[in-house]
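Down below is the structure, laid out as structure tokens.
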Amino acid sequence: MNKHMLRQAQMLQQRLAQAQEALDQETVQASAGGGVVTVTATGKQRLQAIKIDPSVVDPSDVALLEDLVTAAVNEALEKAQALAAQRLGAIAGGLGLPGLR
């Protein structure tokens, strides 16, 4: 590997590290049930917050609340994955690496 290629690889590695760091600061939101359950996740797919409207809390129907939370969490994680793919793919997309396009 010549010096130019090594330098390019180091720069790419640095840009990827910066993008991953930035993903930890970016957030996505998803909701379910018309907004009665809202989930916030980071771009690194870590849950940051779950907000539940008190009107949806019904002790006789816990299953509904569980379904709403599950739906909102899954949507937030999908959005976080898409955000990560977009940010990292923009950097490494030209390299043809699987999962980074």
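Restricting attention to segment 67-91, the residues that are under 30 Å from Q8 (Cα atoms) and either more than 8 Å from the chain's Cα centre (by Cα) or surrounded by fewer than 18 Cβ atoms within 10 Å (Cβ to Cβ) (or both) add up to 9. Here S55 fulfils each of the conditions (1) assigned to a loop (DSSP other than H, G, I, E, B); (2) loosely packed, with under 13 Cβ neighbours inside 10 Å apart from (1).
Only residues that are polar (S, T, N, Q), within 24 Å of A90 (Cα to Cα) and under 18 Å from the mean Cα position of the chain (by Cα) were counted in segment 13-66, giving 8. In segment 1-30, the residue that is farthest from T70 (Cα to Cα) out of those that are out of contact with any Gly (no Cβ under 8 Å at 6 or more places or on another chain) and buried (at least 17 other Cβ atoms within 10 Å of the Cβ) is A19. Of all residues in segment 54-76, those that are within 23 Å of T27 (Cβ to Cβ) and β-branched (V, I, T) total 4. For segment 34-72, what are the residues that are closer than 28 Å to A17 by Cβ and in contact (Cβ under 8 Å) with a residue 40 or more places away in the chain? Correct list: G43, K44.
For every residue, the table says whether it meets (1) assigned to a loop (DSSP other than H, G, I, E, B); (2) modelled with pLDDT under 95.
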| position | (1), (2) |
| --- | --- |
| K51 | no, no |
| P59 | yes, yes |
| V69 | no, no |
| N74 | no, no |
| E78 | no, no |
| Q81 | no, yes |
| A84 | no, yes |
| G89 | no, yes |
| A92 | no, yes |
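The residue that is surrounded by the fewest Cβ atoms within 10 Å (Cβ to Cβ), counting only those in segment 31-44 that are over 11 Å from L68 (Cβ atoms) and at pLDDT 95 or above, is T40.
The values are calculated or read from the model by the stated rules, or taken from the named source; none is laboratory data. Predicted, not measured: the structure shown is a model, and the values here were computed from it. We place every Cβ from the backbone using ideal geometry, glycine too, and count neighbours over all the protein chains shown.
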